[in-house]
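Shown next, in structure tokens, is the structure this report addresses.
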Amino acid sequence: MRLILIGAPGSGKGTQAAALADHFGVPHISSGELLRRHVAAGTALGREVARYVEQGELAPDHLVTAVVAEALAGAKRGYVLEGFPRAVSQAREAEARYGAGFADTVVFLEVPDGVTRQRLARRMSGGRSDDRDPEIIERRLRRFHAETEPLVDYYRDRGLLVEVDGAQRPPVVTRAILTALADTAQP
Ligand code: ADP
């Protein structure tokens, strides 16, 4: 099972990816989490991406691709991947590198901006500095609409897209994704 989750910040990608990875018994890979770990550990790559991650800007493609490639190399039996690709340039890069085997299905978690803003405001007390600053939250939402949302058409055109209402309670969303995946598996 190779599953990609796409959604705005606050759409529940991380929560759903964890539940689905558990369900399918494959690793949950989060580009954001991998980058934050490099930043926290102060690696050379971490120092290069820190300002992007902290300011809610997209980190340079080649750095993100390197970090994700390393994680995918260790996931021979499949994965649930979220946060990558985050732009059409990254999807093309993944297609060139891995071919069609990169993704069986791409799940788009649809959530209105009003809902993601509320969720991120609630998460503000958590540890992530990019969740604490309203200006940075707005920048991430703008980046999502400008850079990431075009992936919805990109993967729809390739017949890989499944759209799920992400504004429901987390277990309801998980069930909706599993139902949609079962439907796409029908001949
Ligand atoms: P969210 O979706 O809530 O913004 P993530 O954990 O997915 O949270 O990402 C956090 C930050 O990490 C992003 O704002 C960006 O700076 C960086 N990042 C994560 N994935 C990518 C990617 N594929 N390309 C570029 N930057 C990325």
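Key figures
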| quantity | calculated |
| --- | --- |
| Taking all pairs of distinct alpha-carbon atoms in the chain, Kirkwood radius in angstrom | 16.7 Å |
| In sequence order, calculated HN-Hα J values of the range 132-139 (Karplus, 6.51, -1.76, 1.60; Hz; x Gly/Pro) | 8, 10, x, 5, 6, 4, 4, 5 |
| From phi via Karplus (6.51, -1.76, 1.60), per-residue ³J(HN,Hα) for the range 144-161 in Hz, x at Gly/Pro | 4, 5, 6, 9, 8, 4, x, 5, 4, 5, 4, 7, 5, 4, 8, x, 9, 8 |
| Modelled FRET efficiency - R0 30 Å, E163 with A69, Cβ distances, 0.05 increments | 0.65 |
| Stretchable slack from M1 to A44, in nm (0.36 nm times residue separation minus alpha-carbon distance) | 12.2 nm |
| Efficiency of FRET from Cβ geometry, E33 and R77, R₀ 22 Å, rounded to 0.05 | 0.65 |
| Extended-chain gain in nm, criterion 0.36 nm per residue less alpha-carbon gap, A18 and H62 | 13.3 nm |
| Two-site label geometry, E54 and D113: point separation in nm, points 7 Å out along Cα→Cβ | 2.7 nm |
| R123 paired with A100, simple spin-label distance in nm, labels 7 Å along Cα-to-beta-carbon | 3.4 nm |
| For the chain, share of DSSP beta bridges that run antiparallel, in % to the nearest 5 | 0 percent |
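Each reported figure results from applying straightforward, stated rules to the coordinates on display, with no laboratory input. Please read these numbers as outputs of a predicted model, since none were measured by experiment. Glycine gets a Cβ as well: all are built from the backbone with ideal geometry, and neighbour counts include every protein chain shown.
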